[in-house]
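Asks: Structure incoming, see below.
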Amino acid sequence: MGDMANNSVAYSGVKNAVKEANHGDFGVTLAELRSLMELRAADALHKIQECYGDVYGICAKLKTSPNEGLSGNPADIERREAVFGKNFIPPKKPKTFLQLVWEALQDVTLIILEIAAVVSLGLSFYQPPGGNESLCGSVNVGEEEDESEAGWIEGAAILLSVVCVVLVTAFNDWSKEKQFRGLQSRIEQEQKFTVIRGGQVIQIPVADIIVGDIAQVKYGDLLPADGVLIQGNDLKIDESSLTGESDHVKKSLDRDPMMLSGTHVMEGSGRMVVTAVGVNSQTGIIFTLLGAGGDEEEKEKEKKDKKSKKQDGALENRNKAKAQDGAAMEMQPLKSEDGGDGDEKDKKRSNLPKKEKSVLQGKLTKLAVQIGKAGLLMSAITVIILVLYFVIDTFWVQKRPWLAECTPIYIQYFVKFFIIGVTVLVVAVPEGLPLAVTISLAYSVKKMMRDNNLVRHLDACETMGNATAICSDKTGTLTMNRMTVVQAYINEKHYKKIPEPEAIPEKTMAYLVTGISVNCAYTSKILPPEKEGGLPRHVGNKTECALLGLLLDLKRDYQDVRNEIPEEDLYKVYTFNSVRKSMSTVLKNSDGSFRIFSKGASEIVLKKCFKILSANGEPKVFRPRDRDDIVKTVIEPMASEGLRTICLAFRDFPAGEPEPEWDNENDIVTGLTCIAVVGIEDPVRPEVPDAIRKCQRAGITVRMVTGDNINTARAIALKCGILNPGEDFLCLEGKDFNRRIRNEKGEIEQERIDKIWPKLRVLARSSPTDKHTLVKGIIDSTVFDQRQVVAVTGDGTNDGPALKKADVGFAMGIAGTDVAKEASDIILTDDNFTSIVKAVMWGRNVYDSISKFLQFQLTVNVVAVIVAFTGACITQDSPLKAVQMLWVNLIMDTLASLALATEPPTEALLLRKPYGRNKPLISRTMMKNILGHAFYQLVVVFTLLFAGERIFDIDSGRNAPLHAPPSEHYTIVFNTFVMMQLFNEINARKIHGERNVFEGIFNNAIFCTIVLGTFVVQIVIVQFGGKPFSCSELSIEQWLWSIFLGMGTLLWGQLISTIPTSRLKFLKEAGHGTQKEEIPEEELAEDVEEIDHAERELRRGQILWFRGLNRIQTQIRVVNAFRSSLYEGLEKPETRSSIHNFMTHPEFRIEDSEPHIPLIDDTDAEDDAPTKRNSTPPPSPNKNNNAVDSGIHLTTDKNKSATSSSPGSPLHSLETSL
């Protein structure tokens, strides 16, 4: 079972365990228990009666007490573990470091390099036979005696740098894997299960459960071991993970008492005795069959083999059922490395391409491939040009014959050219990209742990940055989940605060005390505070704890009642579920009569009440008219103050009558007598309103989906700031929502959902299916051109489908059930909404970190490739040597990815709108930075290359012979190049054109360390690198010049950021998502959202006036265009109320009205200094022309938050249709 801790316990194998004759003086062997657990329903009952008498017989043989549980003494526990095994399945072995090294070596560019290096090495050791060397042309002038020893250095250096790259990559993978293991075991240790030991109810880690334990199961649990039911109330179990049957199976002592590991408790509660754990439990057996390891495919194969080989009767058939279901994967609870989520990760590690890539990875892969192709082309051209030049020069211009003895020398030349070509390729391919993503994500995940986000799926973290909608639960997430009763309606009197005990008649008090004590799950209780002066601890269901707290406030003790009526004596329990929304318990009195206590949502229970306790505590008739009065005067006022109202009621069945048909719940829970209606307050968490404001500012719509009634929900939504007074938003109840989205046949229609969801903010009294429908409706919606990215929070078992469907599912770490955690992507360890905002921040930060790295990386690539290419073509030799290029590649790729990917997030990230799924990775501002910096660097490098010897008064390094010693000239070029990269790394920290690139630089220790470290290593390489690095020592003056030219990039960066991006029409973005047809929209959306600080500055400056004229003209045209095309629309009666409505109707497409309108281009979300653009008709209906919001905000100021032109607002859809 996946909950087993991953301690690598030697697993002796099931076989040996079965053979073991000594069954440790228990009355039953492991094999007998295993065969018992293979049976179902009637067969199992028959077997139990035949062999053990009943469940208590099994308990006796296992030496455990059904009520007190095991004693818990360590010797006994050890003995049981020895005989029956531990509750733990051995995990899959992690990849060794060597395997990871081998994987890193599979990289194509590295293989090419290795081949080149080996050829180069081989040739350097090959001494051409004597002969007249001068015949071979102007080839090897230079130091003869040095030649043989220097030749091998280059090859060796290349190999060495390859080794470096491989080790770094492998180490990264290894540490990533290690982090995952740590995360896994962390999740595992957190998973606890309730058992009874020594008469005490305690929670122990799942791995510590042993055979003979008495486990308490309740709604929402994922069973960690096999067992037999001792006592159950209305238990229903979802066994689909084992059998593939989706119907819930009822469990009871007389029908089917077999509880199987890996199945989910969907309703009810109960106790069971554990009979099989670990590899012997049903889940364990399947895992052993699957060989608890191997990759997906092997598992599939094995499953089939097993099916064909094993002819094992019962086991065989069951496994078939399971295998059909692919069950092994599903029933893996949260934890184990093989299943469920571990499996995700194994997949991630071992067969990356098969897992559907996250949005970001998709964009990056595409970009890397494009860059790679360009690099390949450049390197091929470089090699061809070098070879042709050499051949033409040697054999044609110098008219030399090809001499046999010269061949090795020529070949050495060709190998040198080939190495130069490969170097160009190496520099061009940004192998740091995948690394940057990995580092960034792994770093974020690690840090998110501190922000109470336990990330189960890596890409969830990045998806969160694109989130446009959050559907949140109310209880526990937005509120504190510390329920307290603050108002009550008892004996026809509405108490605004808890009454004194004396004020309540004795009879009513008796009903209250017994009703609450018995009709709350016995697992709910109030314990003394952990530390002095703290609040009492609420254990179990929070609403029930509030009711128990009411008894304590009335100076009564519920525990006395529970001691008097233990849980076994309850005659029947109808447990709470999302359909009933109430809970009822039947007691059998000594005289044979029955009394049922019921509690639940007030509007539901009151409908079933026909009487009510009057002022003196006697029941009196309760008519529908009275009920409406109570709803108006009591329930609605309570609800409008944000209280949850609960109605308590009872009913007596006299002794003389025949016993009622208990299964017919509707006839039982009716004709009730109302005891009281209480108002329970769950205070809003103090930090939530602020967090919600941040979300709204960041362009994320927060919706509340709750089971509470609409008034309570609306009151809380107002307190949180989900609703603001005077806004035009919808609050719906579940049934109303369903009515509106279904057509006459009762089918859900997407168009109907599309009319509702943009304005829906609160969905009350919603069932889990409503939640799922809403999430699916928002995700599938095409109202806006950006697909909505939806995050959902959930804690209940029934939230599973919605959590799975959402782009990011958040499960509650404290209140959440195992099932919810299983379906989620991120677990909130503190159940707090503010943690979601942190997740958004981290997600956006990942995206920005990658963009920063890209901006830096591509500048280096562009410059290095152009320098190597032109240098090679003009001087027959690359100014930057292979080893130097590899060093540049190492610092620029690997180290920079570390430095830039670990930037901590800032609050500023929440000031912009979400990027949307198809926002290009390289925005136009970034493109401007990349090309701008590349220009500066190329000018510097070429000036030094072709005029450096004159400036510094040194020997020229151009046209050096084959094995000439390194020249100062080329060393200066190399050194200056590296310095420019170092300072540009600081520039790359900002990607939206901000001025201050140093802001917050000291918050990132890694960044500072890497920049300084690189600088130190560079000094060592230049001063002491010598031949291998083709460097010669430089004087202090030359160093200062290099550093000065490097620092120039910082000043140049300031200059670049003054040029507004919107002026540079020719810039294109790169790195789009994968959808071909969406590209025009991408560019369009990008245009609206991109932040450009330069543009903003210009706006502040005095340049505004000279654009004023343009602007007025354009606005007049736009207004006219609007008028002409929208007039008919606005005249429709139903749309006149607000422009907002009109925008939500997709019928108004203005595409063909006037394609020639020069539209206003709003380059960034906060900019209102538009420029003229596209006076010629655009190539496609919406290539780059966006309607601007300025013309429209005038009309819709009060709806601004609804209609500001963020992608995904109705306004935006209007813009794109223009």
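The values are calculated or read from the model by the stated rules, or taken from the named source; none is laboratory data. Just so we're clear, the structure is a prediction, and the values are computed from it rather than from any experiment. Here the Cβ is made from the backbone with ideal geometry for all residues, glycine too, and neighbour counts use every protein chain on show. Accessible surface is based on the protein model in full, side chains and every heavy atom, while ligands, DNA and RNA are left aside. Shrake-Rupley method; radii C 1.70, N 1.55, O 1.52, S 1.80 Å.
Asks: Quick check: the distance between the Cα centres of the stretch 967-1039 and the stretch 468-541, to the nearest angstrom?
Replies: 65 Å
Asks: Same structure, new question: Arranged from highest to lowest average of other beta-carbon atoms within 10 Å per residue, in what order do the peptides 460-469, 388-397, 363-372 appear? Present the calculation step by step, with values, prior to reporting the outcome.
Replies: On the way: 460-469: 25.7, 388-397: 13.3, 363-372: 17.8.
Answer by packing, highest mean first, reads 460-469, 363-372, 388-397.
Asks: Amide H of Asp877: which non-local residues (sequence gap of 5 or more, or other chain) have their own amide H closer than 5 Å, using H built in the peptide plane?
Replies: Those qualifying (amide H under 5 Å, at least 5 residues apart or on another chain) are Ala872.
Asks: What accessible area per residue comes out for the stretch 387-530, rounded to a whole number of Å², with a 1.4 Å probe? Could you put the intermediate results ahead of the total?
Replies: On the way: 5240 Å² over 144 residues.
So the stretch 387-530 comes to 36 Å² accessible per residue, rounded to a whole number.
Asks: Now for a separate question. With viscosity set to 1.002 mPa s and temperature to 20 °C, compute the Stokes-Einstein D of the stretch 480-600, Rh being the Kirkwood radius across alpha carbon pairs; µm²/s, no decimals.
Replies: 139 µm²/s
Asks: Let me ask something else. Over all directions, what mean area does the Cα convex hull of the stretch 931-1074 project, stated in square nanometres? If you can, show how the numbers build up before the last one.
Replies: Working: hull surface 47.6 nm².
About 11.9 nm², averaged over all directions.
Asks: Within the stretch 435-473, list the residues whose amide N lies under 17 Å from a label point set 7 Å along Cα→Cβ of Glu530.
Replies: What the label zone holds, given the 17 Å backbone N cut-off, is 452.
Asks: While we're here: Roughly how many Å² is the accessible area per residue of the stretch 895-1008, as a whole number, for a 1.4 Å probe? Could you put the intermediate results ahead of the total?
Replies: On the way: 3810 Å² over 114 residues.
Per-residue value: 33 Å².
Asks: For a protection proxy built on the mean count of beta-carbon atoms within 10 angstrom, sort 558-567, 965-974 highest first, please.
Replies: On the way: 558-567: 14.0, 965-974: 23.0.
Put in order of decreasing packing, that is 965-974, 558-567.
Asks: Hey, another quick one. Step through the table entries Lys497/Lys588; Lys531/Lys555; Lys776/Lys990, compare each Cα-Cα distance with 27 Å, and write down the pairs that go over it.
Replies: On the way: Lys497/Lys588 34 Å; Lys531/Lys555 23 Å; Lys776/Lys990 36 Å.
Result: Lys497/Lys588; Lys776/Lys990 exceed 27 Å.
Asks: Further question: Using alpha carbons only, how many angstrom separate the centre of the stretch 561-589 from the centre of the stretch 52-84?
Replies: 28 Å
Asks: Could I ask something else about it? Once amide H atoms are placed 1.01 Å from N in the peptide plane, what residues at a sequence separation of 5 or more from Leu723, or on another chain, have their amide H within under 5 Å of its amide H?
Replies: Leu718
Asks: From the square roots a ≥ b ≥ c of the eigenvalues of the alpha-carbon gyration tensor of the stretch 678-835, which class results: rounded (a/c under 1.5), prolate (a/b over b/c), or oblate? Don't skip to the end; give the middle numbers.
Replies: Values: a/c = 1.36, a/b = 1.18, b/c = 1.15.
Rounded.
Asks: Can you compute log10 of I(q)/I(0) for the stretch 815-896 with the Debye formula, treating each Cα as one identical point scatterer, at q = 0.20, 0.25 Å⁻¹?
Replies: So the normalised log intensities are -0.92, -1.13.
Asks: Going by amide H atoms built from the backbone, whose H comes under 5 Å of the H on Ser614, apart from near neighbours?
Replies: Lys620
Asks: Which whole-Hz ³J(HN,Hα) couplings does the stretch 837-854 yield from phi under the Karplus relation 6.51 cos²θ - 1.76 cosθ + 1.60, θ = phi - 60°, glycine and proline marked x?
Replies: Ordered by residue, 3J(HN,Hα) equals 4, 4, 4, 4, 4, 5, x, 5, 5, 4, 4, 5, 4, 5, 5, 4, 4, 4 Hz.
Asks: Further question on the same structure: Determine the shape class of the stretch 649-717: with a ≥ b ≥ c the square roots of the Cα gyration tensor eigenvalues, call it rounded for a/c under 1.5, and otherwise prolate if a/b is greater than b/c, oblate otherwise. Could the numbers behind the result be given before it?
Replies: Working: a/c = 5.52, a/b = 3.18, b/c = 1.73.
Because a/c hits 1.5 or more and a/b exceeds b/c, the stretch 649-717 counts as prolate.
Asks: Also, I was wondering about something else. Kindly rank 730-742, 894-906 from highest to lowest mean number of other beta carbons found within 10 Å of each residue. Provide the component values of the computation, followed by the final result.
Replies: Numbers: 730-742: 17.8, 894-906: 23.0.
Taking the mean over residues of other Cβ atoms within 10 Å, the ranking is 894-906, 730-742.
Asks: When the accessible area of the stretch 908-1066 is split by element with a 1.4 Å probe, what percent falls to carbon and sulfur? Intermediate values should be presented prior to the final figure.
Replies: Details: 4560 of 6490 Å².
Here carbon and sulfur together make up 70 percent of the probe-accessible area.
Asks: HN-Hα J couplings of the stretch 1016-1025 from phi, Karplus 6.51/-1.76/1.60, θ = phi - 60°, integer Hz, Gly and Pro as x?
Replies: For the stretch 1016-1025, the Karplus-derived couplings read 4, 4, 4, 4, 4, 4, 5, 6, 10, x Hz, x marking Gly and Pro.
Asks: Which values, in whole Å and largest first, are the semi-axes of the equivalent ellipsoid of the stretch 767-832 obtained as the square root of 5 times each eigenvalue of the Cα gyration tensor?
Replies: Numbers: eigenvalues 100, 30, 12 Å².
Result for the stretch 767-832: semi-axes of 22, 12, 8 Å.
Asks: Once you've got the Cα coordinates, tell me which of Lys236/Lys599; Lys86/Lys805; Lys192/Lys474; Lys86/Lys525; Lys86/Lys447; Lys474/Lys838 are over 27 Å apart. Intermediate results must be reported in sequence, preceding the final value.
Replies: Values: Lys236/Lys599 21 Å; Lys86/Lys805 35 Å; Lys192/Lys474 25 Å; Lys86/Lys525 31 Å; Lys86/Lys447 33 Å; Lys474/Lys838 18 Å.
Violating the 27 Å Cα-Cα cut-off are Lys86/Lys805; Lys86/Lys525; Lys86/Lys447.
Asks: State the percentage of accessible surface on the stretch 642-766 attributable to carbon and sulfur atoms; use a 1.4 Å probe and exclude ligands, DNA and RNA. It would help to have the intermediate numbers written out before the result.
Replies: Working: 2350 of 5110 Å².
With neighbouring chains kept in place, the figure for the stretch 642-766 is 46 percent.
Asks: Projected onto the charge dipole of the stretch 471-536 (+1 at Lys/Arg Cβ, -1 at Asp/Glu Cβ, origin at the Cα centre), which of Cys520, Pro501, Ser472 gives the Cα projection farthest towards the positive end?
Replies: Result: Ser472.
Asks: In addition: Hey, quick one: spin label on Asp626, modelled 7 Å out along Cα-Cβ, who in the stretch 460-503 has an amide N within reach, i.e. under 19 Å?
Replies: 488-495
Asks: Give me the distance in nm between label points sitting 7 Å out from Cα along the Cα-to-Cβ direction at Glu636 and Asp76, one decimal.
Replies: 6.0 nm
Asks: With a ≥ b ≥ c the root eigenvalues of the C-alpha gyration tensor of the stretch 872-994, is it rounded (a/c under 1.5), prolate (a/b larger than b/c) or oblate? Don't skip to the answer; put the middle values down first.
Replies: Details: a/c = 2.82, a/b = 2.46, b/c = 1.15.
Taking the square roots of the gyration eigenvalues as a ≥ b ≥ c, the stretch 872-994 is prolate.
Asks: To the nearest 20 Debye, how big is the dipole of the stretch 544-623 about its Cα centre, given +1 on the beta carbon of each Lys and Arg and -1 on that of each Asp and Glu?
Replies: Numbers: 14 positive and 11 negative charges, 127 e Å.
So the dipole magnitude of the stretch 544-623 works out to roughly 600 debye.
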